[in-house]
Structures are given as C-alpha cells and as structure tokens.
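Remarks on the structure that follows.
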Amino acid sequence: MALHQNLIAGEWTGGDAIPNINPSDTNEVVGEYARGTADDMKNAIAAAKAAFPAWSRSGILERHAILKKTADEILARKDELGALLSREEGKTLPEGTGEVIRAAQIFDFYAGETLRLTGETVPSARPGIGVEITREPVGVVGIITPWNFPIAIPAWKIAPALAYGNTIVFKPAELVPGSAWAIVDILHRAGLPKGVLNLVMGKGSVVGQAMLDSPDLAGLTFTGSTGTGKRVALASIEHNRKFQLEMGGKNPFVVLDDADLTVAVEAAANSGFFATGQRCTASSRIIVTEGIHDKFVAALTERLGKINVGHAMEKDSHVGPVVDQSQLKQDTDYIDIGRKEGAKLAFGGELLNRATPGFYLQPALFTEVSNQMRIAREEIFGPVAAVIRVKDYDEALATANDTPFGLSSGIATTSLKHATHFKRNSEAGMVMVNLPTAGVDFHVPFGGRKGSSFGSREQGKYANEFFTVVKTAYTQA
Ligand code: ADP
C-alpha cells in the first residue's frame, strides 16, 4: 500500500506509517499515512516562515486562481472524496459527500473573498493628514483539526488563511488523515508555492505539541476537546500568539407545548443522532415543557426505532458507527453513568452486531434527566441525548442557559413571541428556530460563547478577524 507522506517545503517526505482504519469494518485499512516527528514540525514551521514574505505580497489573482481551482477539483471528485471520508470517519456516504461539497463551497467562497479585500481611508483629527486602515496577514498560522469533520474543518481554516495571505502548518487528527492529505495534495497541485502550506500528520502529543511550543507561529486556530484547547491557549499566551479555539458543546434544544410535533421530532432526531451524534453542534439536551413531554418522547422514541445503524457505505444506513474504540467506550461509560444517576434509558444504548466488525451503537435516549446530572453537563460526543422535563418557557430558557457551554441552541415553537425572546436571550453563538442545532451554512459566522469557544468567529467574511491584523497608517501630504 502506497504511503501518503507529509508535505514540507513543497516536498513529500516522511517514512514511519500509521494505518488508517475503517470504523465500519476494522479489518479494512483505508490507507497508510506518515507519522511525523517533532523535527518534521520544526522544518515545516521554518518552511512556512521562509515562504511568508512572498506569499503575503502575492497578487490577489494568484490566490483567487489557486483557491478556485481547488474548489473545482474537490467538487469534481465529490463521490470519490466522500467515500474516502466515510470510510475513514464512519459517517454515512450522503453525509460524507455532503461534507465534501461543503468544503468545495468554502474554497469557492474564499476564492471570491480574495477579490473583495478592502480597507478604509478616514480623515485624521489633524488637518492635512490622511489615515489608512488596512488588514495584513498574521504570518505563519498553525492549524489543528479534530476527526469529526475531516474535510470541512480543515477547509474552513485553510481557505481563509490562504486567501488573506498567511502561510500554514497543518496538523490533522490522527484518525482521519486521508481527507486532510487529499486537500493538501489538491492545493499543492493547484500551484501553491513551496512552503506556503505544510502538512505534518502524526500524534497530537508529538507534532501538535511541537507546534504549540514553537516561538515562530504568529497564530494558531484549533478545533477539538476542551482539555487540548486549554493547552493551546496557555502555550499561545506564553508565545504572545493570536489564537482561536472551538471546543465542546452541550447544546440545548427546547420543545414548547405549542411546537409542531413533526418539526420538533425531526429536528431532535437529526441533531441528536445523525452523524452518530459526533458533532459539536449536536443537541444533547432536549428540554421539553410538560404539556407536550409524553407525546414528544413517544414520537421521538418511535422515530429512533426507524434509524438503521450500519456500515457507512451501505445505502440503507442512516447512521454510521462510532469513530473508534475509545470514543465507543466513552459513550457506553456515559450510558452507565446516566443509569446510575437515576435517569431512565427510554430507548437504545445497546452495542450492535453487523456483518463487519465495527463500533456500532444504537442511539440512546434518556428521560427523567435533571440538568444537574453528569449526562446533562458533560459533553459525551456520541449518539446519546437526554430529555429534561420543565414546567414552562421560562424554566426551559433558564435550563438551556444553565451550562458551561454556549455553541448552538434551538427551539421548536409556533409562537413568535417565544421564538423572538429565545433568539435574544439564549447564551449561545448560534440559535436555531424550528431547525436542528446542527447543520450550518458555509458563508456566515460559526462559533460559540462561554466554554465552547475563544476568540473571533470562523467562516464567512468574519474569518478575517482571526486571519488578519489591522494596521493604521498616517500620511502628511
Ligand atoms: P478529540 O478528543 O476530539 O480527539 P483532541 O483535543 O484530543 O480531541 O484532538 C483534537 C486535535 O488536537 C487533534 O488533531 C489532536 O491530535 C490534537 N492534539 C491532541 N493533543 C495535543 C497536544 N498536546 N498539542 C497539540 N495538539 C494536540
């Protein structure tokens, strides 16, 4: 099997291989990917530093052409790349292909952004002096990504970093190097100059840590767990480096008595369980007012009974396997914790046998949950959701906001008054009305509040807040 190597200073290098295993069939090796070393990371950072002066001054048409070509190739290869993504991560083929299309849309959007760069000219407080306010690239930017969106998250960090003139060292998650390698290969062939984008695959504790410890990174954008996010923050402060964190969620989805039951059930099933519940925007707390509670639980349980959990590549699978053994253990540990805390397992939670060996877990729904239980406070990151019964809208809102996280939130209601009040008062970065908490557009800001996020927003034009620095220049004519 051919080894997929790291890309450092425009050369494919590196030997020691890690097999990329298919969670739908652990007998299948999706590919062999290089395991980078701390020295590889140092060399990659040096290459990105050397490439920065020229790339930061590159013409906008050159950047536009490379990003556009990348978008076009990703889209043309959506079926092949979608299959690769589904084989390495375990989300179903439609989910994998959908994510690939989204990556293409992101590159297309930022290709357009290169043609829309602007600044401001304002009069000085002092007559005869002009003031220009411009945005410049930050420098060498480190990108660390998680396994749950193997192509979309790399795309939404790499595309703006390049569009705004930064050079990059990129470390994807160990479990999903295939999609990451594919987009780096596409960008490299699209004509990126040597050293502008460097890929170092390998262990977080080795190559990721080497990135954190470098004095030469001007910026670091991270998506992953809260624990690693804290390390990124501390190391970045130590090195006086700009940083951006996207971490966990414990996203509430409120269902009010006046909700359309079908809308509420579909949104809860989708955002709680699709993509195997492995989305930081998944609804893991479903907060339901007492008038509709029993009806809603019965309808949601019936809906969950119709979800086929199976091999990601099979046509009739609605939900794929959990990503790996350690995530599966975390999910089943939390199911045990929920039971011991006194919650009622109303549906699922069983390990499933399928034709191939994989990490198959039936969606699990807890009821009779209090918002103080661990299953309502800690991120599980699997197909496990908790229903919390409340008296009325006011208690629902208070419960929704009573969490250390604040990424996404949702409400199912036909009341304009409650929908409007919820949009204004939900302590989350993204609020959905009659929609799942997961599933966002590619061209508008993404990010959260409280323990979920730190720094400026990702995606859309708001990404320029992280990937550029502002300069104010004064001129006396
Ligand atoms: P998850 O539990 O979702 O795997 P992690 O925070 O462990 O979340 O992983 C997210 C990303 O952070 C991965 O690319 C991982 O390799 C990387 N990572 C893990 N540990 C470190 C570390 N000490 N320094 C830098 N990156 C790390």
Is it fair to say residue 203 is more than 16 Å from residue 48 (Cβ to Cβ), of a type in the set (Lys, Arg) and either within 11 Å of the ligand (Cβ to nearest atom) or crowded, with 24+ Cβ neighbours inside 10 Å (or both)?
yes
Select from segment 418-477 the residues that are of a type in the set (Val, Ile, Thr) and part of a loop (DSSP other than H, G, I, E, B) and write down the one among them that is surrounded by the fewest Cβ atoms within 10 Å (Cβ to Cβ).
444
Can you name every residue in segment 371-401 that is surrounded by 15 or more Cβ atoms within 10 Å (Cβ to Cβ) and in a loop (DSSP other than H, G, I, E, B)?
371, 373, 378, 379, 380, 381, 382, 383
Being modelled with pLDDT of 95 or more, more than 15 Å from the ligand (Cβ to nearest atom) and in a helix (DSSP H, G or I) narrows 302, 314 down to just 302
Residue under question is residue 72, and the condition is that it be free of Cβ contacts under 8 Å to residues at least 24 places away in the same chain and either crowded, with 24+ Cβ neighbours inside 10 Å or acidic (Asp, Glu) (or both); does it hold?
no
Quick check on residue 399: is it closer than 30 Å to residue 24 by Cα, touching a residue at least 60 places away in the same chain (Cβ under 8 Å) and polar (S, T, N, Q)?
no
Could you say which residue among 111, 210, 173 is free of Cβ contacts under 8 Å to residues at least 60 places away in the same chain, small (Gly, Ala, Ser) and within 15 Å of the ligand (Cβ to nearest atom)?
173
Looking only at segment 131-155, which residues are within 15 Å of the ligand (Cβ to nearest atom), aliphatic (A, V, I, L, M) and assigned to a loop (DSSP other than H, G, I, E, B)?
151
Please give the helices (runs of 4 or more DSSP H) falling wholly within segment 156-243 in which 3 or more residues are at pLDDT 95 or above and under 16 Å from the mean Cα position of the chain (by Cα).
177-189, 226-238
Does segment 170-181 contain at least one residue that is in contact with a strand residue (DSSP E or B) (Cβ under 6 Å, 6 or more places away or on another chain) and within 19 Å of residue 216 (Cα to Cα)?
yes
Look through 285, 241 and report the one residue that is surrounded by 17 or more Cβ atoms within 10 Å (Cβ to Cβ) and within 16 Å of the ligand (Cβ to nearest atom).
241
Selection count, segment 432-468, where residues are closer than 18 Å to residue 108 by Cβ, aliphatic (A, V, I, L, M) and in contact with a helix residue (DSSP H, G or I) (Cβ under 9 Å, 6 or more places away or on another chain)
2
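The values are calculated or read from the model by the stated rules, or taken from the named source; none is laboratory data. These numbers were taken from a predicted model, which means no experiment stands behind them. Positions of Cβ are backbone-derived with ideal geometry, glycine not excepted, and every protein chain shown enters the neighbour counts.
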